[in-house]
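A quick write-up on the structure given underneath.
The values are calculated or read from the model by the stated rules, or taken from the named source; none is laboratory data. Everything quoted here is computed from the prediction, not taken from an experiment. Counting neighbours? That spans all protein chains shown, and the Cβs are built from the backbone with ideal geometry, glycine included.
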Amino acid sequence: MEQIFDILSWAAILSGSALCLIGAWGMIRLPDMYSRMHGAGIIDTLGVGLILIGLIFQAGLTLVTAKLVLILVFIFFTSPTATHALARAALNGGLEPKVMNDGIRLPIDPQNKETPVTKTSGTKEVEPSKT
């Protein structure tokens with residue numbers, strides 16, 4: 001039974017470490033701040049969560065396990081919340097995300113300030129009627 005817990009713990013620790021490395025690579029490669037925050041928020045939560053789960057398997061039923069569970073719960077609530085708050089503050093501060101011009105107008109697109117978007121149909125946008 002102990003060998004099964006060792007295998008599970010090392011699988012979780014190695015998977016979490018790999019995800020953290022992928023997230024670090026994404027922080028370098030992604031084009032703008034919003035993409036980088038998205039990648040960091042998801043990979044940070046999942047990677048650290050897997051590492052902590054692996055450490056919980058290693059610790060067994062001790063006080064250390066209770067502390068690791070509290071850290072895990074704290075990370076799961078604070079990391080996505082902090083990422084969302086930073087993205088919202090950047091958007092309110094005027095930092096616009098880089099978007100590809102594929103013909104779909106977005107509500108945050110500065111060229112669309114004079115014509116409001118009223119409704120959309122599938123992927124195509126319907127212009128407001130001028131009656």
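Can you name the condition, by its number, that Glu96 falls short on among (1) in a loop (DSSP other than H, G, I, E, B); (2) surrounded by fewer than 13 Cβ atoms within 10 Å (Cβ to Cβ)?
Only one criterion is unmet by Glu96, namely (2).
In region 70-83, which residue that is in contact with a helix residue (DSSP H, G or I) (Cβ under 7 Å, 6 or more places away or on another chain) and of a type outside the set (Ser, Thr, Tyr) is modelled with the lowest pLDDT? Let's see the steps before the verdict.
Step one: filter region 70-83 for residues in contact with a helix residue (DSSP H, G or I) (Cβ under 7 Å, 6 or more places away or on another chain), giving 71-72, 75-76, 79-80, 83.
After this cut, where a residue has to be of a type outside the set (Ser, Thr, Tyr) as well, the list is 71-72, 75-76, 80.
Working: Ile71: 95, Leu72: 94, Ile75: 92, Phe76: 91, Pro80: 87.
This residue is Pro80.
Output the residues belonging to region 50-91 that are within 19 Å of the chain's Cα centre (by Cα) and among the polar types (S, T, N, Q).
Across region 50-91, the qualifying residues are Thr78, Ser79, Thr81, Thr83.
Identify all residues within region 57-69 that are in a helix (DSSP H, G or I) and either in contact (Cβ under 8 Å) with a residue 24 or more places away in the chain or of a type in the set (Gly, Ala, Ser) (or both); write none if there are none. Walk me through how you get there before you give the answer.
So the first thing to find is which residues in region 57-69 are in a helix (DSSP H, G or I), and the list is 57-59, 63-69.
Once the filter is applied, which keeps residues that are in a helix (DSSP H, G or I) and either in contact (Cβ under 8 Å) with a residue 24 or more places away in the chain or of a type in the set (Gly, Ala, Ser) (or both), region 57-69 yields Phe57, Gln58, Ala59, Ala66.
Does Ala11 fit the bill of being part of a helix (DSSP H, G or I), exposed (fewer than 14 other Cβ atoms within 10 Å of the Cβ), modelled with pLDDT of 90 or more and in contact with a helix residue (DSSP H, G or I) (Cβ under 9 Å, 6 or more places away or on another chain)?
Numbers: part of a helix (DSSP H, G or I): yes; exposed (fewer than 14 other Cβ atoms within 10 Å of the Cβ): no; modelled with pLDDT of 90 or more: yes; in contact with a helix residue (DSSP H, G or I) (Cβ under 9 Å, 6 or more places away or on another chain): yes.
No; evaluated as a whole, the condition is false for this residue.
State whether the residues of region 32-53 include one that is modelled with pLDDT of 90 or more, in a helix (DSSP H, G or I), touching a Ser or Thr at 6+ places or on another chain (Cβ under 8 Å) and not β-branched (Val, Ile, Thr).
yes
Every residue, every condition in (1) modelled with pLDDT under 85; (2) under 27 Å from Trp10 (Cα atoms); (3) β-branched (Val, Ile, Thr), yes or no:
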{"residue": "Phe57", "(1), (2), (3)": "no, yes, no"}
{"residue": "Ala85", "(1), (2), (3)": "no, no, no"}
{"residue": "Arg88", "(1), (2), (3)": "no, no, no"}
{"residue": "Thr115", "(1), (2), (3)": "yes, no, yes"}
